[in-house]
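J.: Questions regarding the structure given below will be posed in turn.
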(Lines give C-alpha, C1' and ligand atoms only; values in the text may rest on other atoms or scores of the structure.)
Protein backbone atom coordinates (compact mmCIF):
# COMPACT_ATOMS: atom_id res chain seq x y z
CA UNK A 1 0.00 0.00 0.00
CA UNK A 2 1.46 3.36 -0.99
CA UNK A 3 -1.61 5.42 -1.79
CA UNK A 4 -3.34 6.76 1.34
CA UNK A 5 -6.82 5.37 2.03
CA UNK A 6 -9.35 7.93 3.15
CA UNK A 7 -12.55 7.13 5.05
CA UNK A 8 -15.38 9.52 5.86
CA UNK A 9 -17.64 8.74 8.82
CA UNK A 10 -20.60 11.05 8.47
CA UNK A 11 -21.96 10.72 12.00
CA UNK A 12 -21.86 8.59 15.12
CA UNK A 13 -25.22 7.04 14.28
CA UNK A 14 -27.22 7.29 11.07
CA UNK A 15 -29.96 9.80 11.88
CA UNK A 16 -27.98 11.72 14.52
CA UNK A 17 -27.13 14.17 11.74
CA UNK A 18 -24.15 16.05 10.30
CA UNK A 19 -23.59 19.45 8.70
CA UNK A 20 -23.66 19.77 4.91
CA UNK A 21 -20.60 22.00 5.21
CA UNK A 22 -18.57 19.18 6.78
CA UNK A 23 -19.96 16.61 4.37
CA UNK A 24 -19.10 18.70 1.30
CA UNK A 25 -15.62 19.45 2.58
CA UNK A 26 -15.17 15.73 3.21
CA UNK A 27 -16.34 14.91 -0.33
CA UNK A 28 -13.84 17.41 -1.73
CA UNK A 29 -11.09 15.39 -0.03
CA UNK A 30 -12.05 12.47 -2.31
CA UNK A 31 -12.61 9.76 0.30
CA UNK A 32 -12.53 6.10 -0.75
CA UNK A 33 -15.56 5.35 1.43
CA UNK A 34 -18.53 7.20 2.90
CA UNK A 35 -20.05 5.30 5.80
CA UNK A 36 -22.14 5.54 8.92
CA UNK A 37 -23.02 3.03 11.56
CA UNK A 38 -26.66 2.87 12.55
CA UNK A 39 -26.24 0.78 15.61
CA UNK A 40 -26.12 0.87 19.34
CA UNK A 41 -27.33 -1.35 22.14
CA UNK A 42 -27.25 1.65 24.49
CA UNK A 43 -30.94 2.57 24.18
CA UNK A 44 -31.70 -0.83 25.63
CA UNK A 45 -33.31 -4.09 24.53
CA UNK A 46 -36.63 -2.75 23.22
CA UNK A 47 -35.33 -1.71 19.80
CA UNK A 48 -33.78 -5.04 18.90
CA UNK A 49 -36.63 -6.94 20.54
CA UNK A 50 -39.33 -5.09 18.64
CA UNK A 51 -37.27 -4.55 15.47
CA UNK A 52 -37.80 -0.79 15.54
CA UNK A 53 -35.52 2.25 15.29
CA UNK A 54 -34.54 4.71 18.01
CA UNK A 55 -33.98 7.48 15.48
CA UNK A 56 -36.72 9.03 13.36
CA UNK A 57 -37.46 8.06 9.79
CA UNK A 58 -37.12 11.72 8.75
CA UNK A 59 -33.63 11.96 10.25
CA UNK A 60 -32.42 8.77 8.57
CA UNK A 61 -33.88 9.87 5.25
CA UNK A 62 -32.05 13.19 5.45
CA UNK A 63 -28.67 11.66 6.40
CA UNK A 64 -28.85 8.71 4.03
CA UNK A 65 -30.17 10.89 1.20
CA UNK A 66 -27.16 13.20 1.33
CA UNK A 67 -24.76 10.27 1.61
CA UNK A 68 -26.18 8.30 -1.31
CA UNK A 69 -26.47 11.34 -3.58
CA UNK A 70 -22.92 12.44 -2.71
CA UNK A 71 -21.50 8.96 -3.15
CA UNK A 72 -23.23 8.42 -6.50
CA UNK A 73 -22.13 11.83 -7.81
CA UNK A 74 -18.47 11.13 -6.99
CA UNK A 75 -18.33 7.36 -7.54
CA UNK A 76 -17.65 6.63 -3.86
CA UNK A 77 -19.23 3.59 -2.18
CA UNK A 78 -21.64 4.28 0.69
CA UNK A 79 -22.00 1.76 3.51
CA UNK A 80 -24.42 1.61 6.44
CA UNK A 81 -23.74 -0.80 9.30
CA UNK A 82 -26.12 -2.08 11.99
CA UNK A 83 -29.01 -0.60 10.01
CA UNK A 84 -32.00 0.62 11.98
CA UNK A 85 -30.12 0.42 15.30
CA UNK A 86 -30.23 -3.28 16.16
CA UNK A 87 -29.43 -4.61 12.70
CA UNK A 88 -32.27 -7.15 12.69
CA UNK A 89 -34.01 -8.01 9.41
CA UNK A 90 -36.96 -5.77 10.29
CA UNK A 91 -34.60 -2.84 10.93
CA UNK A 92 -32.66 -3.52 7.71
CA UNK A 93 -35.97 -3.59 5.80
CA UNK A 94 -36.99 -0.29 7.41
CA UNK A 95 -33.73 1.26 6.17
CA UNK A 96 -34.16 -0.25 2.69
CA UNK A 97 -37.65 1.22 2.50
CA UNK A 98 -36.19 4.67 3.19
CA UNK A 99 -33.46 4.06 0.61
CA UNK A 100 -36.06 3.13 -2.03
CA UNK A 101 -37.91 6.36 -1.34
CA UNK A 102 -34.68 8.40 -1.60
CA UNK A 103 -33.71 6.74 -4.88
CA UNK A 104 -37.17 7.30 -6.36
CA UNK A 105 -37.23 10.96 -5.35
CA UNK A 106 -33.69 11.72 -6.51
CA UNK A 107 -33.83 9.54 -9.62
CA UNK A 108 -30.86 7.43 -8.46
CA UNK A 109 -30.22 3.82 -9.43
CA UNK A 110 -27.39 2.54 -7.23
CA UNK A 111 -26.33 -1.10 -7.13
CA UNK A 112 -27.35 -2.02 -3.58
CA UNK A 113 -25.93 -4.96 -1.66
CA UNK A 114 -27.92 -6.03 1.40
CA UNK A 115 -26.18 -7.95 4.19
CA UNK A 116 -28.33 -9.69 6.79
CA UNK A 117 -27.07 -11.00 10.12
CA UNK A 118 -30.28 -11.94 11.92
CA UNK A 119 -29.95 -15.55 13.04
CA UNK A 120 -32.51 -18.34 13.05
CA UNK A 121 -33.28 -20.01 16.37
CA UNK A 122 -32.39 -23.38 14.87
CA UNK A 123 -28.93 -22.21 13.84
CA UNK A 124 -28.16 -20.82 17.30
CA UNK A 125 -29.58 -23.87 19.08
CA UNK A 126 -27.28 -26.07 17.00
CA UNK A 127 -24.34 -23.90 18.06
CA UNK A 128 -25.43 -24.17 21.70
CA UNK A 129 -25.59 -27.99 21.40
CA UNK A 130 -22.13 -28.00 19.79
CA UNK A 131 -20.69 -26.01 22.70
CA UNK A 132 -19.78 -23.08 20.43
CA UNK A 133 -21.51 -20.35 22.48
CA UNK A 134 -20.06 -18.75 25.62
CA UNK A 135 -21.18 -15.87 27.89
CA UNK A 136 -19.75 -12.41 27.20
CA UNK A 137 -19.56 -11.21 30.79
CA UNK A 138 -21.69 -11.87 33.85
CA UNK A 139 -24.61 -13.74 32.25
CA UNK A 140 -25.60 -17.41 32.41
CA UNK A 141 -24.59 -19.99 29.83
CA UNK A 142 -26.99 -19.91 26.91
CA UNK A 143 -29.61 -22.67 26.76
CA UNK A 144 -31.85 -23.76 23.93
CA UNK A 145 -34.79 -22.51 26.01
CA UNK A 146 -33.26 -18.99 26.12
CA UNK A 147 -32.92 -19.08 22.35
CA UNK A 148 -36.56 -20.16 22.00
CA UNK A 149 -37.67 -17.25 24.22
CA UNK A 150 -35.97 -14.68 21.99
CA UNK A 151 -37.83 -12.34 19.65
CA UNK A 152 -34.78 -11.56 17.55
CA UNK A 153 -31.15 -12.66 17.55
CA UNK A 154 -28.41 -10.88 15.61
CA UNK A 155 -24.75 -11.69 15.11
CA UNK A 156 -22.22 -8.88 15.12
CA UNK A 157 -20.28 -9.62 11.96
CA UNK A 158 -16.75 -8.64 11.08
CA UNK A 159 -15.49 -6.93 7.89
CA UNK A 160 -15.66 -9.88 5.46
CA UNK A 161 -19.19 -9.39 4.13
CA UNK A 162 -18.55 -5.67 3.61
CA UNK A 163 -15.46 -6.63 1.63
CA UNK A 164 -17.49 -9.06 -0.45
CA UNK A 165 -20.06 -6.35 -1.18
CA UNK A 166 -17.35 -3.90 -2.24
CA UNK A 167 -15.70 -6.56 -4.41
CA UNK A 168 -19.12 -7.20 -5.99
CA UNK A 169 -19.15 -3.58 -7.10
CA UNK A 170 -21.91 -2.29 -4.82
CA UNK A 171 -22.55 1.46 -4.82
CA UNK A 172 -24.51 1.23 -1.59
CA UNK A 173 -24.30 -1.40 1.16
CA UNK A 174 -27.02 -1.71 3.80
CA UNK A 175 -25.94 -4.16 6.46
CA UNK A 176 -27.37 -5.80 9.55
CA UNK A 177 -25.51 -5.94 12.85
CA UNK A 178 -21.76 -5.65 12.63
CA UNK A 179 -19.04 -4.31 14.88
CA UNK A 180 -18.80 -0.54 14.55
CA UNK A 181 -15.17 -0.76 13.52
CA UNK A 182 -15.67 -3.53 10.92
CA UNK A 183 -17.68 -1.10 8.79
CA UNK A 184 -14.66 1.16 8.44
CA UNK A 185 -11.83 -1.38 8.65
CA UNK A 186 -13.19 -3.51 5.78
CA UNK A 187 -11.99 -1.35 2.89
CA UNK A 188 -8.48 -0.52 4.12
CA UNK A 189 -7.91 -4.16 5.12
CA UNK A 190 -8.83 -5.40 1.64
CA UNK A 191 -6.51 -2.79 0.14
CA UNK A 192 -3.63 -4.11 2.22
CA UNK A 193 -3.42 -1.50 4.97
CA UNK A 194 -1.68 -2.37 8.22
CA UNK A 195 -4.34 -4.17 10.32
CA UNK A 196 -3.43 -2.31 13.52
CA UNK A 197 -3.86 1.05 11.80
CA UNK A 198 -6.98 -0.03 9.91
CA UNK A 199 -8.79 -1.24 13.03
CA UNK A 200 -7.65 1.69 15.15
CA UNK A 201 -8.69 4.40 12.68
CA UNK A 202 -12.01 2.57 12.31
CA UNK A 203 -12.51 2.46 16.06
CA UNK A 204 -11.82 6.18 16.38
CA UNK A 205 -14.05 7.46 13.56
CA UNK A 206 -17.00 5.16 14.24
CA UNK A 207 -18.36 7.54 16.87
CA UNK A 208 -18.21 10.48 14.45
CA UNK A 209 -17.62 13.86 16.03
CA UNK A 210 -16.85 12.44 19.50
CA UNK A 211 -13.23 13.30 18.64
CA UNK A 212 -14.02 16.81 17.45
CA UNK A 213 -14.04 20.17 19.23
CA UNK A 214 -16.06 22.20 19.85
CA UNK A 215 -18.74 19.68 20.80
CA UNK A 216 -21.72 20.96 18.86
CA UNK A 217 -23.50 17.76 17.99
CA UNK A 218 -22.64 15.03 15.53
CA UNK A 219 -20.66 15.65 12.35
CA UNK A 220 -18.36 14.12 9.75
CA UNK A 221 -14.87 12.89 10.61
CA UNK A 222 -12.15 11.90 8.15
CA UNK A 223 -9.57 9.21 8.80
CA UNK A 224 -6.66 8.75 6.39
CA UNK A 225 -4.39 5.71 6.55
CA UNK A 226 -0.79 5.90 5.38
CA UNK A 227 1.87 3.17 5.46
CA UNK A 228 2.94 3.66 9.08
CA UNK A 229 0.38 6.02 10.65
CA UNK A 230 -3.06 7.52 10.22
CA UNK A 231 -4.57 10.94 10.66
CA UNK A 232 -7.89 12.10 12.08
CA UNK A 233 -9.51 15.41 11.15
CA UNK A 234 -13.02 16.84 11.18
CA UNK A 235 -14.93 17.39 7.98
CA UNK A 236 -16.07 20.78 9.21
CA UNK A 237 -13.55 23.53 8.37
CA UNK A 238 -14.14 25.42 11.63
CA UNK A 239 -13.70 22.45 13.94
CA UNK A 240 -10.65 20.53 15.07
CA UNK A 241 -9.55 17.14 16.31
CA UNK A 242 -7.24 17.18 19.31
CA UNK A 243 -4.79 14.71 20.81
CA UNK A 244 -6.78 14.74 24.05
CA UNK A 245 -10.05 13.78 22.36
CA UNK A 246 -8.55 11.24 19.99
CA UNK A 247 -6.40 9.53 22.64
CA UNK A 248 -9.29 9.46 25.11
CA UNK A 249 -11.65 7.92 22.62
CA UNK A 250 -10.73 4.30 23.28
CA UNK A 251 -11.92 4.88 26.85
CA UNK A 252 -15.46 5.56 25.77
CA UNK A 253 -17.98 2.76 26.31
CA UNK A 254 -15.21 0.17 26.46
CA UNK A 255 -14.54 -1.91 29.57
CA UNK A 256 -10.81 -1.46 28.99
CA UNK A 257 -8.99 1.07 26.82
CA UNK A 258 -5.99 -0.86 25.51
CA UNK A 259 -7.55 -4.03 24.14
CA UNK A 260 -10.56 -3.99 21.84
CA UNK A 261 -11.89 -7.37 20.72
CA UNK A 262 -12.98 -7.94 17.15
CA UNK A 263 -14.16 -11.20 15.54
CA UNK A 264 -10.75 -12.36 14.33
CA UNK A 265 -8.41 -10.62 16.72
CA UNK A 266 -7.75 -7.83 19.20
CA UNK A 267 -6.74 -4.24 18.58
CA UNK A 268 -4.00 -3.29 21.05
CA UNK A 269 -3.37 0.42 21.61
CA UNK A 270 -1.04 0.51 24.60
CA UNK A 271 2.04 1.52 22.58
CA UNK A 272 0.31 4.18 20.48
CA UNK A 273 1.71 7.60 19.83
CA UNK A 274 -0.40 10.72 19.24
CA UNK A 275 0.77 14.02 17.80
CA UNK A 276 -1.03 17.25 16.96
CA UNK A 277 -0.03 17.69 13.29
CA UNK A 278 -1.72 21.03 12.90
CA UNK A 279 -4.54 22.85 14.65
CA UNK A 280 -7.19 20.43 13.41
CA UNK A 281 -5.40 17.16 12.59
CA UNK A 282 -4.07 14.40 14.84
CA UNK A 283 -1.49 11.82 13.77
CA UNK A 284 -1.58 8.35 15.36
CA UNK A 285 0.86 5.45 15.08
CA UNK A 286 1.92 2.29 16.86
CA UNK A 287 -1.44 0.42 16.98
CA UNK A 288 -1.18 -3.36 16.72
CA UNK A 289 -3.62 -6.10 15.79
CA UNK A 290 -3.22 -9.52 17.39
CA UNK A 291 -5.00 -12.19 15.34
CA UNK A 292 -6.92 -14.83 17.30
CA UNK A 293 -7.01 -18.51 16.42
CA UNK A 294 -10.81 -18.67 16.52
CA UNK A 295 -13.35 -16.55 14.65
CA UNK A 296 -16.02 -15.42 17.09
CA UNK A 297 -18.99 -13.11 16.72
CA UNK A 298 -21.00 -11.50 19.47
CA UNK A 299 -24.64 -12.53 19.63
CA UNK A 300 -27.31 -10.16 20.86
CA UNK A 301 -30.85 -11.28 21.55
CA UNK A 302 -33.88 -9.85 23.31
CA UNK A 303 -36.90 -11.63 24.71
CA UNK A 304 -40.32 -10.21 25.61
CA UNK A 305 -41.00 -9.58 29.31
CA UNK A 306 -44.58 -8.33 29.11
CA UNK A 307 -46.31 -4.98 28.70
CA UNK A 308 -45.63 -1.75 30.51
CA UNK A 309 -48.02 0.99 31.62
CA UNK A 310 -46.71 3.99 33.56
CA UNK A 311 -48.11 6.95 35.46
CA UNK A 312 -46.34 10.07 36.71
CA UNK A 313 -47.52 12.33 39.51
CA UNK A 314 -46.07 14.85 41.94
CA UNK A 315 -46.42 14.83 45.72
CA UNK A 316 -46.05 18.08 47.63
CA UNK A 317 -47.88 17.31 50.87
CA UNK A 318 -45.19 17.24 53.61
CA UNK A 319 -47.11 14.80 55.80
CA UNK A 320 -47.38 12.25 52.99
CA UNK A 321 -43.74 12.74 51.94
CA UNK A 322 -42.73 12.04 55.54
CA UNK A 323 -44.38 8.61 55.55
CA UNK A 324 -44.10 7.76 51.86
CA UNK A 325 -42.40 4.38 52.24
CA UNK A 326 -45.15 3.11 54.57
CA UNK A 327 -47.81 4.63 52.34
CA UNK A 328 -46.46 2.74 49.32
CA UNK A 329 -46.70 -0.54 51.23
CA UNK A 330 -50.29 0.25 52.23
CA UNK A 331 -51.14 0.99 48.59
CA UNK A 332 -49.48 -2.22 47.39
CA UNK A 333 -51.77 -4.24 49.67
CA UNK A 334 -54.84 -2.40 48.48
CA UNK A 335 -53.85 -2.77 44.81
CA UNK A 336 -53.32 -6.52 45.21
CA UNK A 337 -56.84 -6.83 46.67
CA UNK A 338 -58.40 -4.55 44.04
CA UNK A 339 -56.87 -6.39 41.08
CA UNK A 340 -57.46 -9.76 42.73
CA UNK A 341 -61.19 -9.31 42.34
CA UNK A 342 -60.55 -8.83 38.60
CA UNK A 343 -58.91 -12.27 38.51
CA UNK A 344 -55.36 -10.83 38.28
CA UNK A 345 -52.89 -12.78 40.40
CA UNK A 346 -49.67 -11.46 42.00
CA UNK A 347 -47.54 -13.41 39.51
CA UNK A 348 -49.30 -11.71 36.59
CA UNK A 349 -47.61 -8.33 37.17
CA UNK A 350 -44.92 -6.38 38.95
CA UNK A 351 -45.53 -2.89 40.28
CA UNK A 352 -42.44 -0.72 40.75
CA UNK A 353 -42.72 2.64 42.47
CA UNK A 354 -39.92 5.09 41.68
CA UNK A 355 -39.69 8.10 44.00
CA UNK A 356 -37.85 10.75 41.97
CA UNK A 357 -36.27 13.14 44.43
CA UNK A 358 -35.63 10.30 46.84
CA UNK A 359 -33.01 7.80 45.63
CA UNK A 360 -34.84 6.78 42.44
CA UNK A 361 -31.67 6.95 40.33
CA UNK A 362 -29.18 5.10 42.54
CA UNK A 363 -31.45 3.11 44.85
CA UNK A 364 -29.55 1.42 47.68
CA UNK A 365 -26.23 2.85 46.40
CA UNK A 366 -27.35 6.47 46.91
CA UNK A 367 -24.67 8.25 48.96
CA UNK A 368 -27.01 11.05 50.07
CA UNK A 369 -30.02 8.90 50.88
CA UNK A 370 -31.31 11.03 53.76
CA UNK A 371 -31.11 14.49 52.17
CA UNK A 372 -34.25 16.54 52.99
CA UNK A 373 -36.89 16.84 50.29
CA UNK A 374 -40.00 18.95 49.85
CA UNK A 375 -41.38 17.50 46.64
CA UNK A 376 -41.46 14.01 45.14
CA UNK A 377 -41.97 12.75 41.63
CA UNK A 378 -43.79 9.42 41.73
CA UNK A 379 -43.48 7.07 38.80
CA UNK A 380 -45.72 4.02 38.94
CA UNK A 381 -44.46 1.35 36.60
CA UNK A 382 -46.57 -1.76 35.93
CA UNK A 383 -45.12 -4.64 33.96
CA UNK A 384 -47.99 -7.01 33.19
CA UNK A 385 -48.16 -10.39 31.51
CA UNK A 386 -50.62 -9.00 28.97
CA UNK A 387 -51.48 -5.51 27.80
CA UNK A 388 -54.94 -5.74 29.48
CA UNK A 389 -53.43 -6.80 32.81
CA UNK A 390 -50.87 -4.00 32.64
CA UNK A 391 -53.55 -1.37 32.02
CA UNK A 392 -55.90 -2.75 34.65
CA UNK A 393 -53.26 -2.88 37.40
CA UNK A 394 -52.04 0.63 36.62
CA UNK A 395 -55.58 2.02 36.73
CA UNK A 396 -56.17 0.48 40.16
CA UNK A 397 -52.75 1.65 41.34
CA UNK A 398 -53.45 5.22 40.27
CA UNK A 399 -56.70 5.23 42.17
CA UNK A 400 -55.09 3.70 45.26
CA UNK A 401 -52.25 6.25 45.37
CA UNK A 402 -54.65 9.13 44.77
CA UNK A 403 -57.26 8.24 47.34
CA UNK A 404 -55.85 6.02 50.11
CA UNK A 405 -55.81 7.41 53.67
CA UNK A 406 -52.60 7.80 55.66
CA UNK A 407 -51.99 8.79 59.29
CA UNK A 408 -52.45 12.54 59.80
CA UNK A 409 -53.89 13.03 56.32
CA UNK A 410 -55.27 16.55 55.73
CA UNK A 411 -55.45 16.47 51.90
CA UNK A 412 -58.49 14.18 51.94
CA UNK A 413 -59.60 15.02 48.39
CA UNK A 414 -56.46 13.68 46.72
CA UNK A 415 -52.81 12.78 47.37
CA UNK A 416 -51.29 13.49 43.97
CA UNK A 417 -50.68 16.31 41.51
CA UNK A 418 -51.41 14.57 38.20
CA UNK A 419 -49.85 16.52 35.31
CA UNK A 420 -51.76 15.07 32.36
CA UNK A 421 -55.09 13.85 31.15
CA UNK A 422 -55.03 11.08 30.08
CA UNK A 423 -52.74 10.13 32.92
CA UNK A 424 -51.85 6.53 32.12
CA UNK A 425 -49.14 5.97 29.52
CA UNK A 426 -49.22 2.72 27.63
CA UNK A 427 -45.64 1.94 26.73
CA UNK A 428 -46.37 -1.38 25.02
CA UNK A 429 -44.15 -4.46 24.92
CA UNK A 430 -41.02 -4.62 27.05
CA UNK A 431 -37.94 -6.72 26.32
CA UNK A 432 -34.83 -7.92 28.06
CA UNK A 433 -31.40 -8.71 26.62
CA UNK A 434 -31.22 -12.46 27.28
CA UNK A 435 -28.50 -13.26 24.76
CA UNK A 436 -25.20 -11.46 25.25
CA UNK A 437 -22.77 -14.16 24.23
CA UNK A 438 -20.02 -14.99 21.77
CA UNK A 439 -20.34 -17.67 19.12
CA UNK A 440 -17.56 -19.50 17.33
CA UNK A 441 -17.91 -19.58 13.55
CA UNK A 442 -16.47 -22.07 11.09
CA UNK A 443 -16.20 -19.29 8.53
CA UNK A 444 -16.57 -15.49 8.77
CA UNK A 445 -19.45 -15.65 6.26
CA UNK A 446 -21.31 -18.33 8.24
CA UNK A 447 -23.59 -15.89 10.14
CA UNK A 448 -24.17 -13.72 7.04
CA UNK A 449 -26.68 -13.71 4.17
CA UNK A 450 -26.29 -11.38 1.18
CA UNK A 451 -28.67 -10.23 -1.53
CA UNK A 452 -29.00 -7.54 -4.19
CA UNK A 453 -31.76 -4.98 -3.71
CA UNK A 454 -34.11 -4.71 -6.66
CA UNK A 455 -34.83 -1.00 -7.04
CA UNK B 1 -7.70 15.18 51.25
CA UNK B 2 -9.87 16.16 48.33
CA UNK B 3 -12.94 14.78 46.68
CA UNK B 4 -12.47 13.63 43.09
CA UNK B 5 -15.12 16.12 42.02
CA UNK B 6 -12.85 18.96 43.17
CA UNK B 7 -9.67 17.88 41.37
CA UNK B 8 -10.83 15.97 38.26
CA UNK B 9 -11.96 17.48 34.96
CA UNK B 10 -14.36 14.65 34.12
CA UNK B 11 -16.09 12.04 36.24
CA UNK B 12 -18.43 10.08 34.01
CA UNK B 13 -20.18 6.74 33.75
CA UNK B 14 -21.64 4.83 30.84
CA UNK B 15 -22.61 1.34 29.81
CA UNK B 16 -19.88 -0.83 28.37
CA UNK B 17 -22.44 -3.10 26.77
CA UNK B 18 -25.56 -4.23 28.61
CA UNK B 19 -23.73 -6.03 31.43
CA UNK B 20 -21.06 -3.59 32.57
CA UNK B 21 -20.85 -0.03 33.83
CA UNK B 22 -17.62 1.79 33.06
CA UNK B 23 -16.55 4.97 34.87
CA UNK B 24 -13.82 7.35 33.76
CA UNK B 25 -12.02 9.89 35.93
CA UNK B 26 -10.06 12.30 33.75
CA UNK B 27 -7.65 15.00 34.88
CA UNK B 28 -6.60 18.33 33.40
CA UNK B 29 -2.93 18.14 34.28
CA UNK B 30 -0.43 15.34 34.38
CA UNK B 31 0.71 16.06 37.92
CA UNK B 32 -2.72 15.64 39.52
CA UNK B 33 -3.35 12.55 37.40
CA UNK B 34 -0.12 10.91 38.51
CA UNK B 35 -0.69 11.80 42.18
CA UNK B 36 -4.14 10.23 42.14
CA UNK B 37 -2.99 7.23 40.12
CA UNK B 38 -0.07 6.57 42.46
CA UNK B 39 -1.69 7.33 45.84
CA UNK B 40 -3.62 4.06 45.75
CA UNK B 41 -6.90 5.56 46.95
CA UNK B 42 -8.74 4.34 43.87
CA UNK B 43 -8.58 0.62 44.60
CA UNK B 44 -11.07 -2.26 44.41
CA UNK B 45 -11.78 -2.21 48.16
CA UNK B 46 -12.70 1.46 48.03
CA UNK B 47 -14.81 1.17 44.86
CA UNK B 48 -16.68 -2.10 45.54
CA UNK B 49 -19.01 -0.79 48.27
CA UNK B 50 -19.85 2.31 46.22
CA UNK B 51 -21.28 0.07 43.49
CA UNK B 52 -22.57 -2.87 45.49
CA UNK B 53 -20.09 -5.35 44.00
CA UNK B 54 -17.26 -7.48 45.39
CA UNK B 55 -13.60 -6.43 45.27
CA UNK B 56 -12.72 -8.97 42.59
CA UNK B 57 -15.44 -7.64 40.29
CA UNK B 58 -13.79 -4.20 40.10
CA UNK B 59 -11.33 -3.54 37.27
CA UNK B 60 -9.18 -0.40 37.54
CA UNK B 61 -7.04 0.62 34.58
CA UNK B 62 -4.93 3.80 34.46
CA UNK B 63 -4.69 5.30 30.96
CA UNK B 64 -1.74 7.69 30.92
CA UNK B 65 -2.31 9.00 27.41
CA UNK B 66 -5.65 10.52 28.36
CA UNK B 67 -4.66 11.31 32.00
CA UNK B 68 -7.54 9.05 32.95
CA UNK B 69 -8.38 6.21 35.31
CA UNK B 70 -10.98 3.74 34.09
CA UNK B 71 -13.09 1.72 36.49
CA UNK B 72 -15.35 -1.07 35.25
CA UNK B 73 -17.90 -2.91 37.39
CA UNK B 74 -20.74 -5.29 36.53
CA UNK B 75 -24.18 -3.66 36.40
CA UNK B 76 -26.54 -4.57 39.24
CA UNK B 77 -29.33 -5.00 36.70
CA UNK B 78 -28.89 -5.64 32.99
CA UNK B 79 -29.47 -2.49 30.91
CA UNK B 80 -33.19 -1.99 30.33
CA UNK B 81 -34.29 -5.08 32.24
CA UNK B 82 -37.05 -4.88 34.85
CA UNK B 83 -35.67 -3.02 37.86
CA UNK B 84 -33.07 -1.00 35.96
CA UNK B 85 -33.18 2.73 36.70
CA UNK B 86 -30.56 4.00 34.26
CA UNK B 87 -30.61 2.34 30.82
CA UNK B 88 -27.53 4.21 29.54
CA UNK B 89 -25.73 4.05 32.89
CA UNK B 90 -25.03 7.76 32.54
CA UNK B 91 -25.90 8.91 36.09
CA UNK B 92 -24.09 6.39 38.25
CA UNK B 93 -20.90 8.45 38.69
CA UNK B 94 -21.91 10.34 41.83
CA UNK B 95 -20.49 8.01 44.50
CA UNK B 96 -17.18 8.18 42.64
CA UNK B 97 -17.28 12.00 42.49
CA UNK B 98 -17.42 12.03 46.26
CA UNK B 99 -14.53 9.61 46.78
CA UNK B 100 -11.82 11.20 48.89
CA UNK B 101 -8.19 10.96 47.83
CA UNK B 102 -5.09 12.13 49.77
CA UNK B 103 -4.23 14.73 47.14
CA UNK B 104 -4.64 18.48 47.46
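J.: I need the helices (runs of 4 or more DSSP H) fully contained in the stretch A:161-263, keeping only those with at least 1 residues that are closer than 28 Å to residue A:448 by Cβ.
T.: A:180-190, A:195-205
J.: In the stretch A:240-252, which residue that is touching a residue at least 40 places away in the same chain (Cβ under 8 Å) and surrounded by fewer than 21 Cβ atoms within 10 Å (Cβ to Cβ) is nearest to the other protein chains (Cβ to nearest Cβ)?
T.: A:252
J.: Another question about this same structure. Just one of the numbered conditions (1) under 27 Å from residue A:15 (Cβ atoms); (2) touching a helix residue (DSSP H, G or I) at 6+ places or on another chain (Cβ under 8 Å) is not true of residue A:258; which one?
T.: (1)
J.: Which of the numbered conditions does residue A:85 fail, given that it passes all the others? Conditions: (1) within 17 Å of residue A:161 (Cβ to Cβ); (2) in contact with a helix residue (DSSP H, G or I) (Cβ under 6 Å, 6 or more places away or on another chain); (3) within 14 Å of chain B (Cβ to nearest Cβ).
T.: Just one mismatch for residue A:85, condition (1).
J.: Determine which member of the set A:49, A:12, A:39, A:65 is in a helix (DSSP H, G or I) and within 14 Å of another protein chain (Cβ to nearest Cβ).
T.: Exactly one of A:49, A:12, A:39, A:65 is in a helix (DSSP H, G or I) and within 14 Å of another protein chain (Cβ to nearest Cβ), namely A:49.
J.: Then there is this: Tally up the residues in the stretch A:102-118 that are in a loop (DSSP other than H, G, I, E, B) and touching a helix residue (DSSP H, G or I) at 6+ places or on another chain (Cβ under 9 Å), please.
T.: 4
J.: Separate question: Could you tell me how many of the residues in the stretch B:54-71 are surrounded by fewer than 19 Cβ atoms within 10 Å (Cβ to Cβ) and not in a helix (DSSP H, G or I)?
T.: Residues meeting the conditions: 5.
J.: What number of residues within the stretch B:54-90 satisfy the criterion of being more than 11 Å from chain A (Cβ to nearest Cβ) and either in contact with a strand residue (DSSP E or B) (Cβ under 8 Å, 6 or more places away or on another chain) or touching a residue at least 40 places away in the same chain (Cβ under 8 Å) (or both)?
T.: 1
J.: Could you list all residues from the stretch B:38-53 that are assigned to a helix (DSSP H, G or I), touching a residue at least 24 places away in the same chain (Cβ under 8 Å) and more than 14 Å from chain A (Cβ to nearest Cβ)?
T.: Scanning the stretch B:38-53 gives a single hit, B:39.
J.: Another question, if that's okay. Within the stretch B:8-37, restricting attention to residues that are more than 18 Å from residue B:92 (Cα to Cα), touching a residue at least 40 places away in the same chain (Cβ under 8 Å) and buried (at least 21 other Cβ atoms within 10 Å of the Cβ), which residue is farthest from the other protein chains (Cβ to nearest Cβ)?
T.: B:36
To keep it simple, each residue is scored yes or no on (1) closer than 25 Å to residue A:156 by Cβ; (2) under 17 Å from the mean Cα position of the chain (by Cα).
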position	(1), (2)
A:3	no, no
A:14	yes, yes
A:18	yes, no
A:24	no, no
A:46	yes, yes
A:62	no, no
A:72	no, no
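J.: Condition first: at the interface with chain A (Cβ under 7 Å from one of its Cβ atoms) and either crowded, with 17+ Cβ neighbours inside 10 Å or closer than 21 Å to residue A:434 by Cα (or both). Now tell me which residues in the stretch B:93-104 satisfy that.
T.: Answer for the stretch B:93-104, where residues must be at the interface with chain A (Cβ under 7 Å from one of its Cβ atoms) and either crowded, with 17+ Cβ neighbours inside 10 Å or closer than 21 Å to residue A:434 by Cα (or both): B:94, B:95.
J.: Have a look at A:305, A:378, A:351 and point out the one that is modelled with pLDDT of 95 or more, under 29 Å from the mean Cα position of the chain (by Cα) and closer than 22 Å to residue B:90 by Cα.
T.: Step by step, each of A:305, A:378, A:351 is checked, and only A:378 is modelled with pLDDT of 95 or more, under 29 Å from the mean Cα position of the chain (by Cα) and closer than 22 Å to residue B:90 by Cα.
Conditions (1) surrounded by 14 or more Cβ atoms within 10 Å (Cβ to Cβ); (2) within 14 Å of chain B (Cβ to nearest Cβ), marked per residue:
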| residue | (1), (2) |
| --- | --- |
| A:330 | yes, no |
| A:340 | no, no |
| A:355 | yes, yes |
| A:360 | yes, yes |
| A:365 | yes, yes |
| A:371 | no, yes |
| A:382 | yes, yes |
| A:398 | yes, no |
| A:412 | no, no |
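The values are calculated or read from the model by the stated rules, or taken from the named source; none is laboratory data. Everything numeric here is computed off the predicted structure, so don't read it as measured data. We place every Cβ from the backbone using ideal geometry, glycine too, and count neighbours over all the protein chains shown.
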